[in-house]
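Step one of this worksheet: look at the structure below.
Since every read-out is calculated from the coordinates, none of them should be taken as a lab result. Being a predicted model, the structure only gives us computed values, none of them experimental. Because the Cβ atoms are built from the backbone with ideal geometry, glycine has one as well, and the counts that use them run over all protein chains shown.
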Amino acid sequence: MKSGYGLMFFFGCFDILTPFEKKFLASRKEEAVGIVDFKEITDKELRTEVLKKFNEIGDLRNVSDLFVKPPPFVLFNPIVSDIRIPLSLQKMLYVSDDSTRGEVEEFKLVYDGSVLLVATWCPLDKWPWGVYDVRDRFIEILKPISEFKEVPPCLTHEAVVFVNKGEKVPKETRNIYLEIEPSATFLDIARSLYLRLGLEMHAFYEACAITDSIDELISDIHKHELKLLSDLGSFLRSGWKEILNKRKLVRQGKEKMLKILEGLTEHASRIEDLGKSRQEIEERMAHNALLKGFIESIELDEYCKPEMLDIESSMRIVEHVRKELEIYSVSTSTIVSALIGAIIGSTLTLIVSYCLGAFKMPIQPLDLLRLLITS
């Protein structure tokens, strides 16, 4: 490696393994599936397809396996490839300071079905802004191949940088710098980094994915609350003659209240999952200095601390709407009962009146004789 340069690795997450696992388990229904079986099927069906497609794409060159024989705990042998993004195609919107722009066009990818590493050689006093263009191009490549979940941070602003021994590195930076021998090859460095950090980043991105799902859930709950209040407004503005419309709004209100309550229950469950996931990260950090340094640099709370949900506010909205609908239901039942009572009373009065009137009619002698004979 040239003096003044570093091999920079950035991390992202584009998870094709979780969607594949869900489909696979759904197809197997209740059949027991072991980790070894799932690994074999993942390698045979998913990884083989991805590797085949990568080889067919002109933008990707030198597509190969990271490990000749992957360790037993590696589910998806990472795929390595080269990609070139000319400076003319790199978006200037990613360049925050042109004076720090490293004019880098050649990049390398390492992808294990979930975690993506984008690497390049760059002057230590510059920044390879083109890595974000590489990320965008990778998304375009992956979309037609497989369903995937994009998990923030989609590409870290921080990097793990390998430098020659004794190299002077910038002091004011959030990057992590590691020294290597000048003779080390890219594959040697990539394999070492993946085993030390790449695998561990799965735990980090799992927590990020849970956090992302919690934020989406909170957004859905707020949307249901707005719709519920909107329906309540329409309900209160409806005239007493609009019985069918009111019934429709009552039904919609009950459905939305149920969705909010389901969302609150799911929120509590996911918060518990996030707590367990963060605890796992902290335990891994305690035994892995590189992971600890990198996660502290990224700042765990920035990506693994979800928005706050005001549960009491949500419950007040549900309770308020419930009372309004309950008052209407009780009033409607009272009115309906009164109407039914009035109708029944009127009908009985008519029947009795008719019968009494019939008995008051004069009886002819011949009719009286017939009555006596029949009795």
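Observations, loosely collected:
- Near-label residues of region 1-28 by backbone N, under 18 Å of a point 7 Å along Cα→Cβ of Glu45: 15-28
- Relative contact order, whole percent, for region 135-185 stands at 31, derived from Cα pairs under 8 Å and 6 or more residues apart.
- Calculated SAXS-style log₁₀ I(q)/I(0) at q = 0.20 Å⁻¹ - region 145-292, Debye, Cα scatterers: -1.22
- Separation of the Asp220 and Glu106 label points, Cα + 7 Å toward Cβ, nm: 4.7
- Semi-axes of the equivalent ellipsoid for region 78-185, Cα gyration tensor, largest first, Å: 24, 18, 13
- Between Ile271 and Leu89, the contour length at 0.36 nm per residue exceeds the Cα-Cα span by 61.3 nm.
- Once backbone amide H atoms are built at 1.01 Å from N, Gly6 has Cys122, Leu124 as its partners under 5 Å, excluding neighbours fewer than 5 places away on the same chain.
- Each peptide in 152-163, 58-69 gets a packing score, the mean of other Cβ atoms within 10 Å over its residues, and the list from highest to lowest is 152-163, 58-69.
- Here the 3J(HN,Hα) profile of region 185-196, calculated from phi with Karplus coefficients 6.51, -1.76 and 1.60 at θ = phi - 60°, is 8, 4, 4, 4, 5, 5, 4, 5, 5, 5, 6, 7 Hz, Gly and Pro shown as x.
- Using C-alpha pairs below 8 Å separated by at least 6 residues, the relative contact order for region 204-331 is 42 percent.
- Listed by chain and number, the aspartates and glutamates whose C-alpha is less than 16 Å from the C-alpha of Lys254, apart from same-chain residues fewer than 8 away, are Glu225, Asp231, Glu262, Glu319, Glu324, Glu326.
- The convex hull built on the alpha-carbon positions of region 5-198 has an orientation-averaged projected area of 11.9 nm².
- Shown in residue order for region 78-86 are the 3J(HN,Hα) couplings computed by the Karplus curve 6.51 cos²θ - 1.76 cosθ + 1.60 at θ = phi - 60°: x, 9, 9, 7, 9, 8, 10, 10, x Hz (x for Gly and Pro).
- For region 108-119, 3J(HN,Hα) per residue [Karplus equation, 6.51 cos²θ - 1.76 cosθ + 1.60, θ = phi - 60°, Hz, x = Gly/Pro]: 10, 10, 10, 10, 10, x, 8, 7, 10, 10, 10, 10
- Extending 7 Å from Cα along the Cβ direction at Ala26 and again at Glu302 yields two label points whose distance is 3.5 nm.
- Sum of side-chain charges, Asp301 neighbourhood, beta-carbon under 13 Å (Lys, Arg +1; Asp, Glu -1): -3
- Cα-Cα over 24 Å, subset of Lys52/Lys149; Lys108/Lys276; Lys91/Lys171; Lys23/Lys292: Lys108/Lys276; Lys91/Lys171; Lys23/Lys292
- Computed from label points 7 Å out along Cα-Cβ, the spacing between Met315 and Lys254 is 2.3 nm.
- Taken along its principal axes, the alpha carbon cloud of region 127-199 reaches lengths of 45, 27, 19 Å, longest axis first.
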